[in-house]
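The values are calculated or read from the model by the stated rules, or taken from the named source; none is laboratory data. No experiment lies behind these values; they were computed from the predicted model shown. FYI the Cβ positions are ideal-geometry reconstructions off the backbone, even for glycines, and counts take in every protein chain you see. Protein only, heavy atoms only, side chains kept; ligands, DNA and RNA dropped before computing areas. Shrake-Rupley method; radii C 1.70, N 1.55, O 1.52, S 1.80 Å.
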Amino acid sequence: MAALIAENFRFLSLFFKSKDVMIFNGLVALGTVGSEELFSVVAFNCPCSPARNYIYGLAAIGVPALVLFLIGVIWNNHTWNLVAECHKRGTKNFSAAATFLLFGSIMGRAAVAPITWSVISLLRGEAYICALSEFVKPSSLDKFPAEYGAEVLAKFPCRDVPANLTKFRDEVTRRLRYESQLFGWLLIGIVAVLVFLTKCLKHCCSPLSYRQEAYWAQYRSNEDKLFRRTAEVHSRILAAKNVKHFFGFVALDKEEKELVQEFPVEGVQPSPQWNAITGVYIYRENKGFPLYSRLHKWAKGVEGNGPTPEGHELLFLAS
């Protein structure tokens, strides 16, 4: 059991496995900052009305964060690899802990943009002030006029208040902005600590040396680029062949004619081959030799996804 748990924790290596991932996360964060700034300038407009402020303020923070989270889940290749894995082979090859960590890795990647959005929103403070201004207790304000209540406090974010309440408006705004920014900095600190602990755990649990892990990352990147490039050329040549069969000729430019002549395509790959190279891949060694991807495993003729007498599987997820 201890060995199984230790191997399952190697799934945590998904997070920030390579510099490419960190650069991508940084670009996502920068894009989110720009989007939040644009949203604040163009779209954010506090209603300054009791009961509406709270809903609008929370929606301004939460709804865009939810949309960004869903987009992150959709754009994550692991999401669709997991769907393909469950559809074709089920989850029999994964323990409960491994499945949980796989979902955690998908959620963690998808959380970069919404967390950035939430942090920037809190640091700016506008949405927080809009949402909570009406809940400030008048008794906490020194010499606040008794005839005014939550209805007037709800108008503080819009500065639409009587002249005698200007100093109270400034105090409430300053207090709420302080709270909002405090929560934003705490969120940054919590995320930073979690990222640090994750990276430490990843390096401690990784079954690979630093150099082999770097090589594996380079292999995956090169395999993906070459596969996409080759698939694009293959599909173009096959399409040209079928169009020619239908019309009797096909209109190709010079580059396409050279491709057709250089790479003759006789047919397409059968579905079992596509299924064999599609899905979640767990790092595997066969007779001591590493298998770096599903395509690599298929090319070597290794079947199955579980440990065998000839091969040992390490629960180490490819990003």
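Quick look at the values:
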quantity: Single residue of Arg229, Arg175, Arg211 found to be under 30 Å from Asp142 (Cα atoms) and out of contact with any Ser or Thr (no Cβ under 8 Å at 6 or more places or on another chain); calculated: Arg175
quantity: Scan of the stretch 281-312 for residues that are at pLDDT 80 or above, in a loop (DSSP other than H, G, I, E, B) and closer than 20 Å to Ala84 by Cα, ordered by number; calculated: Tyr292, Ser293, Val302
quantity: Residue match in the stretch 234-257 (condition: assigned to a loop (DSSP other than H, G, I, E, B), in contact (Cβ under 8 Å) with a residue 12 or more places away in the chain, among the small types (Gly, Ala, Ser) and surrounded by 10 or more Cβ atoms within 10 Å (Cβ to Cβ)); calculated: no
quantity: Checking Ser133 against (1) at pLDDT below 75; (2) buried (at least 20 other Cβ atoms within 10 Å of the Cβ); (3) under 30 Å from Asp170 (Cβ atoms), the condition it does not meet; calculated: (1)
quantity: Subset of the stretch 153-168 [in contact with a Phe, Trp or Tyr (Cβ under 9 Å, 6 or more places away or on another chain) and farther than 30 Å from Thr116 by Cβ]; calculated: Leu153, Val161, Pro162, Leu165, Phe168
quantity: Residue that is most open to solvent (accessible area, probe 1.4 Å) [pool: residues in the stretch 76-88 that are in contact (Cβ under 8 Å) with a residue 12 or more places away in the chain and of a type outside the set (Lys, Arg)]; calculated: Asn81
quantity: Some residue of the stretch 169-182 being among the hydrophobic types (A, V, I, L, M, F, W, C), in contact with a helix residue (DSSP H, G or I) (Cβ under 7 Å, 6 or more places away or on another chain) and either on the phi < 0 side of the Ramachandran plot or in a helix (DSSP H, G or I) (or both); calculated: yes
